[in-house]
């Protein structure tokens, strides 16, 4: 595999306001969001859903994917950053151990009527307007350790 240098790091955030500020730092057009609730999924959205903090979520664009997950024991959110290049330690991220590289691959989305999503899988603009899935150009980015070549994370990214 021939990948490029990558950054994989984590941090902990205590409040909803801090989580929203952190998410806002990584908006670069085009950016998409995906939130998984206990009863539903948001679908791929061009906007941050208002109740983003009630589920596990993803923000992704050409540069990175930011994931957040509620940590009920510590009363906050665990944040994982998967980025193509760069060093995010100055933003409070602690790097995960490894010699990280990433590699982009093509991806296919489920059709809106796929049976894995009984309520349908949606692609939404702000205001709830549906978007055709083929207008969103998405790829996968594999994050692997350069020494072992084991893929540890698969992130979504936007085609350049």
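Please treat every number below as a calculation from the coordinates, not as lab data. Nothing here was measured: the structure is a model prediction, and the numbers come from that model. We place every Cβ from the backbone using ideal geometry, glycine too, and count neighbours over all the protein chains shown.
Where strands (runs of 3 or more DSSP E) fall entirely within region 34-113, those with at least 2 residues that are surrounded by fewer than 13 Cβ atoms within 10 Å (Cβ to Cβ) are at 100-106.
Here residue 23 meets the list (1) surrounded by 20 or more Cβ atoms within 10 Å (Cβ to Cβ); (2) part of a strand (DSSP E or B); (3) in contact (Cβ under 8 Å) with a residue 24 or more places away in the chain almost entirely, failing just condition (2). Looking at 11, 2, which one is more than 12 Å from the chain's Cα centre (by Cα) and part of a loop (DSSP other than H, G, I, E, B)? Within the list 11, 2, the selection yields 2.
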